[in-house]
Structure formats: C-alpha cells, structure tokens
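Have a look at the structure below before the remarks.
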Amino acid sequence: MGGMQFLDIIILVMVAAFIFLRLRSVLGRRTGHEQPPREDPRQQTSARNMDGTIRDQDNVVVLNDQIDIQPQQPRMEDLSPVMQTMWEMNKIDRSLDPDRFAQQAQMAYEAIVMAFAQGDLKTLQDLLEKDVYENFEKAIDARANANETMTTDILSIHESRIEDATLSGKQAEITIHFETEMISMTKDEDGVVVQGDPHPHTVREDWTFTRRLGSTNPNWLLAATRGAD
C-alpha cells in the first residue's frame, strides 16, 4: 500500500511539472499582438511653436527654449530695472528665460554674421527686420557686383550680456552687448585683400532684437546694430 501511495505522489509531481513547463512556454512567448511600450512624454523633445504646432527647424534660431521647464522668478525688488523688464516679458511669454537669453543670443549673432559673409540672403531674411535686411542686401549686392568675396571666422565670444530691455504692450526689444574676437577679410577677384586683414581683432557691438511676445514666429529679429567702445 505504501508503495502505491509513493508511486501516486511521483505521478502527481510529474504532472505538475509538465503543466508548469507548458504554462511557462506559453506565457513567455511573444504572439506579435503585444502593445508597444509607452513613450515617456518627457523624452519627446520636438521643437514647437507657441501654439503647440511643430515648427520648421530651417533658419530658426532658438532664443526661447524653456517651454516645459519654467525658470524660477526671483523677487522683483532684488532685480535691476532691465531684469525687471525681462521678467515682465516672461509673464507674457513663459518660454523666454531671462537668465539665459544673452547666452542664447550668441547663436543668432553667429548665424547672422556668417550668413552676411556668405551672402546667404534667405537666412538673413528670416532673422532681420525689413529695414536692416535691406541694408544687408545692398552691401551683399555691392560686394557681388565688384566680384569680391568675404570670409569671416569667429574665434570666440568673450561676452554677451543684456544691455537694455523695453516692453510696449506685447512688443519686446532686448539689446545685447557682444564682445567677440574674429578674423574678417574681403578679397577682390584676384584674391587681394581690399578690406580687413588675416589677424584676429576684437569687435564690440550692441545688437537689438525684437519680437512680438506670444507670436507663432519663434525668431527674434535683429532690429538695429551699433558699435560699442
């Protein structure tokens, strides 16, 4: 009798093991109908306009990329008048980061300087106010008519700081002081340098950018330039 009970136990164990292995083989197998894993929305970093639509990346110089991560506003009484105006802009357009704007403006500075040297009117048209664009266009046309070519190499940007900021309604203007080191030359058709030289020199300029806050156009447009000594 004891032998029969022992044999029954052995059979039950074997049956249980068989069922376990069958379940494991089925549960661990992909059928091709599983749902794909959910994407983390924090990893979806496509650039968007202020209205939430995906924007074209061509000729876009991003000076306002803080849509999802808002900077913490300091106490207004602790700020200079210029920075108070910057934070007033932030209240209207939350994508503008007052603490990073000057640093981000370097991208616009480099893009415009290089586009002017290369005669890239399409890029300039997207980054300049109409009257500034017309002045740049005349200079580029005059260079082309004289069969001259221009090369510019920005070696470093030593300084970019907010010099002034004004807000009228939703129309904002921000002036950035740039101090850069560059090599810039213009050569005639024979390769003779007619302007500039092959040596680095320091350039100090104040550039004023403007934008209507909340606009779907992400670009801040260059409205004025002047030398700064």
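The values are calculated or read from the model by the stated rules, or taken from the named source; none is laboratory data. Small disclaimer: the values here were computed from a predicted structure and weren't measured. We place every Cβ from the backbone using ideal geometry, glycine too, and count neighbours over all the protein chains shown. These area figures cover heavy atoms from the full protein model, side chains too; ligands, DNA and RNA do not enter into them. Shrake-Rupley method; radii C 1.70, N 1.55, O 1.52, S 1.80 Å.
Descriptive notes on the structure:
- In order along region 146-162, phi translates into HN-Hα couplings of 8, 6, 9, 10, 10, 10, 9, 10, 7, 7, 6, 10, 6, 8, 8, 9, 6 Hz, rounded to whole numbers, per the Karplus curve 6.51 cos²θ - 1.76 cosθ + 1.60 with θ = phi - 60° and x for Gly and Pro.
- Loop-located trypsin sites (Lys or Arg not before Pro) in region 124-188, at most 16 other Cβ atoms within 10 Å (DSSP): Lys170
- Straight-line reach from Lys91: taking Cα to Cα under 16 Å and skipping same-chain neighbours fewer than 8 places apart, the lysines in range are Lys170.
- Dipole of region 113-229, positive end: most advanced residue of Thr216, Val192, Ala117 [Cβ charges, Cα centre]: Thr216
- Solvent-accessible ranking of Phe178, Phe116, largest area first, probe 1.4 Å: Phe116, Phe178
- Accessible-area ranking of His199, His177, largest first, probe 1.4 Å: His199, His177
- Alpha-carbon gyration tensor eigenvalues x 5, square-rooted, for region 128-182, Å: 29, 20, 5
- Region 167-229 versus region 101-120: alpha-carbon centroid distance in Å: 7 Å
- Prolate/oblate/rounded label for region 104-229 (Cα gyration tensor, a/c 1.5): oblate
- The stretch between Gln73 and Arg161, if pulled fully straight at 0.36 nm per residue, gains 29.8 nm over its current Cα-Cα span.
- Label-point separation, Ala224 to Glu129 (7 Å along Cα→Cβ), nm: 0.7 nm
- Our estimate of slack between Ile183 and Lys122, defined as 0.36 nm per intervening residue step minus the Cα-Cα distance, is 19.6 nm.
- Overall form of region 103-158 per C-alpha gyration tensor (a/c, 1.5; a/b vs b/c): oblate
- In this calculation the C-beta distance from Thr149 to Asp197 is compared with R0 = 22 Å, giving a FRET efficiency of 0.90.
- Partner lysines whose Cα lies under 21 Å from the Cα of Lys122, excluding those fewer than 8 positions away in the same chain, are identified as Lys130, Lys138.
- Residues Met76, Met89, ordered by accessible area of protein heavy atoms at a 1.4 angstrom probe radius and largest first, appear as Met76, Met89.
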